[in-house]
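Could you have a look at this structure, given as structure tokens, before my questions?
No value in this document is a laboratory result; all are computed from the given coordinates. Remember, predicted model here, so these are calculated numbers, not experimental data. Cβ sites come from the backbone with ideal geometry, for glycine too, and all protein chains shown count toward neighbours.
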Amino acid sequence: MSTPRPTESMVRICSLYPDLLGTYGDGGNATVLAQRLRWRDINVDLVSIDAGRSVPDSCDLYLVGGGEDGPQTRATQELQTSGALRRAANNGAVVFAVCAGMQILGERFPDMDGVDRAGLGLLDCVTVRVDRPRAVGELLTHDAAVTAPDGTVRPLGTLTGFENHAGRTIPGASATTFGRVEIGEGNGDGTEGVINGSVVGTYLHGPALARNPALADELLRWIIGDAALTPLDDSDVDALRADRHLAARAHELAPQRSWRDRLRGS
Ligand code: GLN
């Protein structure tokens, strides 16, 4: 996509299956995106689609959150059957998926019994179970960047959030990532996130777009373009981000380190 998707008078955002994939508060990503559009006097149509309901294929942006293994498999089955998310993504809709959401959009992931399940194949990655403790805690990247659908690499600063996952994700050759993890696990290979075109996956909860407004605005830029992306006052979020950076580093250095090391067997 070299030019932003044409928008009529409003941006249509679809929050997918909050009843199945709402465990980690990722529904806040929809709130953040909608509010950042409204602050810029851009109309928003925000729909929330629970499991069993028909998924529209005409939205500009789709959000998929994190959840437990059982609901993750159910959400995958529903999305495979519906085909709407795949159609929308193939038409250039932006998709932002967190943790279980990212795993669902990959090529395959292990279900609650450890059996390999096919994902939607919108992200070039596979998720596997490894002989390591569940990754739980603050997640902080070094200076991150995202490859936009037009191929430009856009700096995002550090990304901050928390993670809580058993699976580890291996990005494939056609995918890019946000870059290197400073604290936490992320994908598990030292990188964080998986990006293919306008489909973006991450292990960052927080909600991620509340903690990282640069990422929120970059996703919006892909839809509304540069000119409509007027600057906002994010000073409150800057303070929160500074606090979370300190918390992530303190957690890594403080006594908690010892239980993490014990779990790792070192
Ligand atoms: N069930 C997945 C895992 O543990 C995803 C967890 C999540 O969404 N936070 O890897």
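Would you mention how many residues in the range 127-138 are crowded, with 18+ Cβ neighbours inside 10 Å and either among the basic types (Lys, Arg) or within 11 Å of the ligand (Cβ to nearest atom) (or both)?
Number of matching residues: 2.
Can you pull out every residue in the range 89-104 that is away from the ligand (no atom under 12 Å from the Cβ) and touching a residue at least 40 places away in the same chain (Cβ under 8 Å)?
Within the range 89-104, 89, 92, 93, 94, 95, 96 qualify.
With the structure loaded, tell me whether residue 239 is hydrophobic (A, V, I, L, M, F, W, C), surrounded by fewer than 21 Cβ atoms within 10 Å (Cβ to Cβ), touching a residue at least 40 places away in the same chain (Cβ under 8 Å) and more than 22 Å from residue 117 (Cα to Cα) or whether it fails that test.
Considered against the rule, which asks whether it is hydrophobic (A, V, I, L, M, F, W, C), surrounded by fewer than 21 Cβ atoms within 10 Å (Cβ to Cβ), touching a residue at least 40 places away in the same chain (Cβ under 8 Å) and more than 22 Å from residue 117 (Cα to Cα), residue 239 comes out as no.
Just checking, how many residues over the range 103-160 are over 24 Å from residue 75 (Cβ atoms), out of contact with any strand residue (DSSP E or B) (no Cβ under 7 Å at 6 or more places or on another chain) and β-branched (Val, Ile, Thr)?
1
Here is a further query. Enumerate the strands (runs of 3 or more DSSP E) found wholly within the range 173-228, keeping only those where 2 or more residues are among the charged types (D, E, K, R) and touching a Ser or Thr at 6+ places or on another chain (Cβ under 8 Å).
179-183
Condition (residue is out of contact with any helix residue (DSSP H, G or I) (no Cβ under 9 Å at 6 or more places or on another chain), under 22 Å from residue 68 (Cα atoms) and surrounded by 23 or more Cβ atoms within 10 Å (Cβ to Cβ)) applied to the range 166-183: is it met by at least one residue?
Checked against the condition, which is being out of contact with any helix residue (DSSP H, G or I) (no Cβ under 9 Å at 6 or more places or on another chain), under 22 Å from residue 68 (Cα atoms) and surrounded by 23 or more Cβ atoms within 10 Å (Cβ to Cβ), the range 166-183 yields no hits at all.
Same structure, new question: Just one of (1) in a helix (DSSP H, G or I); (2) away from the ligand (no atom under 14 Å from the Cβ); (3) farther than 30 Å from residue 226 by Cβ trips up residue 75, so point out which.
(2)
Spot the failing condition for residue 117; the list is (1) touching a Phe, Trp or Tyr at 6+ places or on another chain (Cβ under 9 Å); (2) assigned to a helix (DSSP H, G or I), and only one is missed.
(2)
Which one of the conditions (1) loosely packed, with under 15 Cβ neighbours inside 10 Å; (2) within 16 Å of the ligand (Cβ to nearest atom); (3) aromatic (Phe, Trp, Tyr) does residue 39 fail to meet, given that it meets all the rest?
(2)
Please tell me if residue 115 is surrounded by 18 or more Cβ atoms within 10 Å (Cβ to Cβ) and aliphatic (A, V, I, L, M).
Taking the combined requirement at face value, the residue does not satisfy it.
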